[in-house]
Amino acid sequence: MAGWNESQLRKYNIKVDKIPTLQYDDPKVDSLLSNNKPVLIKGSKLVSQVLKWDLDYLAEHMNSICCNVLVSKNHKFKYYDQKKITPNMTFKPISRPSPMIFSEFAKKIKDWKKGDSRLYMQQVLNNSISQRIVSDFVMFNWDWIMSKQKVCKWGSLTSNLLLIAQEGNVTPCHYDEQQNMFASIRGYKRFILFPPSEFECLYPHPVHHPYDRQSQVDFDNPDYIKFPKFKEACGYEVIVGPEDVLYIPMYWFHHVESLMHGGCTVSVNFWFKAGSVEKIEYPLLDHQKMVIMRNVEKMLAEALHDPNEVGNMLNTIVLGRYT
Ligand SMILES: CCC[C@@H](CC(=O)O)C(=O)C(=O)O
Ligand SMILES: [Zn+2]
């Protein structure tokens, strides 16, 4: 019945459990959402009006729009923050931005051969795209998604990213600081999610590194010497297909891949700001501890006036005293 099979998944040596799959009107959906627990939601019809968004349709209606496209020498598209690249830093990312007009992107995809650089379009949807795309966009099931935003007391919707990936593309393991309702329009994507409690097993880069929020572990070839606890990482796996909506809680790590031999995937995400916490309760939640750790790194870098001094000071504080 499923439109995919195991041979289309990349092989990793990671322990995974399942994520609950529920119908959109199941009352358990709201309790999982409100408790920052991932859930795959079926039947919401969030993007049912845009299932026609395939490469040809989008090329026809976005033809000359210049879009944000990433180019990678391999299959991984590891995001980096350009603002964190300092002049005296030697930073050589594998994937880099290469803006191009949609028709050029579509042509490169069609003509793509093994060995060519891979492409990944990640374009913010706004009203400057094109009349037709805007008129499709307003047909999303906004009543439903806004009702979820309300019941979970999330903050404002910040952006919708239109994601067009080649089969086999991977977004390596990272976390985001926003709530995410991820909708699949075409194709199948495999998600491996890890709760904030797995922080110690995933070794995110330092906050001041361009790869802030990204795991240092290469899932294709993990360095168990540098990252020994990665062996103990426990994740959750789910395949997201057309019309499915996956809730990715803020601060949950996620690895995402477009299934191999499955053709291009088209997805749209809905990023919401976190809600304002009424009052802090103890014990703290794991994601709140990630926020505290981020603030400690930021504060120390500020006080020391040099991000490279932060590690030394943290070691001085901890080694032989807290360990
Ligand atoms: C740039 C966003 C990419 C996306 C993962 C993917 O679909 O490849 C993701 O990580 C998210 O929606 O948070
Ligand atoms: Zn993400």
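Read-outs: derived from the displayed coordinates by stated rules, not from any lab. Remember, it's a predicted structure, so these values are computed and weren't measured experimentally. Reconstructed Cβ throughout: ideal geometry from the backbone, glycine too, with neighbour counts over all protein chains shown.
Selection within region 125-138: residues that are surrounded by 13 or more Cβ atoms within 10 Å (Cβ to Cβ) and not hydroxyl-bearing (Ser, Thr, Tyr). The member of this set that is farthest from Lys45 (Cα to Cα) is Ile129.
Against the list (1) of a type in the set (Gly, Ala, Ser); (2) farther than 19 Å from Ser103 by Cα; (3) within 15 Å of ligand 1 (Cβ to nearest atom), the condition Gly155 fails is (3). Among the listed residues Val217, Val238, which satisfies the condition of being surrounded by 18 or more Cβ atoms within 10 Å (Cβ to Cβ), away from ligand 1 (no atom under 12 Å from the Cβ) and closer than 30 Å to Val138 by Cβ? Matching residue, one of Val217, Val238: Val238. Under the condition of being more than 16 Å from Tyr120 (Cα to Cα), more than 10 Å from ligand 1 (Cβ to nearest atom) and not in a strand (DSSP E or B), the residues counted in region 174-199 number 6. Checking the structure you have, find out if any residue of region 303-313 is in contact (Cβ under 8 Å) with a residue 24 or more places away in the chain, small (Gly, Ala, Ser) and crowded, with 20+ Cβ neighbours inside 10 Å. No - not one qualifying residue is present in region 303-313. When region 264-285 is filtered for residues that are more than 16 Å from ligand 1 (Cβ to nearest atom) and surrounded by fewer than 17 Cβ atoms within 10 Å (Cβ to Cβ), the ones remaining, listed by number, are Gly275, Ser276, Val277, Glu278, Lys279, Ile280, Glu281, Tyr282, Pro283, Leu284. With respect to the conditions (1) touching a strand residue (DSSP E or B) at 6+ places or on another chain (Cβ under 8 Å); (2) at negative phi, Arg213 falls short on a single one, namely (2). The residue that is nearest to Leu33 (Cα to Cα), counting only those in region 150-173 that are part of a strand (DSSP E or B) and in contact with a helix residue (DSSP H, G or I) (Cβ under 9 Å, 6 or more places away or on another chain), is Leu157.
Total residues in region 83-114 satisfying the condition of being under 21 Å from Pro172 (Cβ atoms), without any contact (Cβ under 8 Å) to a residue 12 or more places away in the chain and among the hydroxyl-bearing types (Ser, Thr, Tyr): the figure is 1. Out of everything in region 150-186 that is under 13 Å from the mean Cα position of the chain (by Cα) and among the charged types (D, E, K, R), what residue ends up being farthest from ligand 2 (Cβ to nearest atom)? So the residue we want is Glu177.
Residue pairs whose Cβ atoms lie under 6 Å apart, separated by 6 or more positions or on different chains, with the first residue in region 236-259 and touching a residue at least 24 places away in the same chain (Cβ under 8 Å) and over 17 Å from Gln23 (Cα atoms) and the second polar (S, T, N, Q) and in a loop (DSSP other than H, G, I, E, B), are Pro249/Asn36; Met250/Gln178; Ser258/Asn169. Within region 234-291, being over 18 Å from the mean Cα position of the chain (by Cα), of a type in the set (D, E, K, R) and closer than 28 Å to Lys114 by Cα holds for no residue. Just one of (1) assigned to a helix (DSSP H, G or I); (2) within 15 Å of ligand 1 (Cβ to nearest atom); (3) in contact with a helix residue (DSSP H, G or I) (Cβ under 6 Å, 6 or more places away or on another chain) fails for Ile145. It is (3).
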